[in-house]
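Note sheet for the following structure.
Nothing in this text is a laboratory measurement; each read-out follows from the coordinates by a stated rule. What you see is a predicted model, and the numbers here were worked out from it, not measured in a lab. So basically every Cβ, Gly included, is an ideal-geometry build from the backbone, and we count neighbours across all protein chains shown.
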Amino acid sequence: MDMDTLTREMYAFVESKGWLAADSPKQQTPRNLAISLALEASEVLEHFQWSEESQQPDALAEELADVMLYLLQLASLSGIDLGEAVMQKLRKNQSRDWAAPAAADDAPSGL
């Protein structure tokens, strides 16, 4: 499935819940979505807290899907073509020397 389809499906779901309405208690702002993304990523970590493998692959899949849904929406609301951003980051990473110590400007970005 492509990113555009996933993004459309995500927006259809969010719209169906009324979360795009100005008076929604679950406002879909970049700040709120970034917070939700971090919280959902934490839930992924819970699957590995005391084990090298998730003991609940179906539940892990749900948490990964939640992360992707928030990521898709945050990118969309921020005007970022997530597919292109990934490709640009991969190209940038190709030119990096992973054996050398990270430069100060590279350190926080991780991959």
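What ranking do 51-57, 40-46, 79-85, 95-101 get when scored by the average of other Cβ atoms within 10 Å per residue, highest first? Intermediate values should be presented prior to the final figure.
On the way: 51-57: 9.7, 40-46: 13.9, 79-85: 11.4, 95-101: 7.4.
Those peptides, ordered most packed to least, come out 40-46, 79-85, 51-57, 95-101.
Each 10 Å bin from zero holds the following percent of Cα-Cα pairs in the chain: 12, 32, 34, 18, 3, 0. Helix-only arithmetic for the chain: the sum of -39500 (n - 2.57) across DSSP H runs with n ≥ 4, divided by the residue total, places the mean residue ellipticity at 222 nm at -19500 deg cm²/dmol.
About the centre of its Cα atoms, the chain shows a dipole size close to 460 debye [charges on the beta carbon of Lys, Arg (+1) and Asp, Glu (-1) only; nearest 20 debye]. For residue 26, nonlocal amide neighbours, meaning residues 5 or more places apart or on other chains whose placed amide H falls under 5 Å from its own, do not occur.
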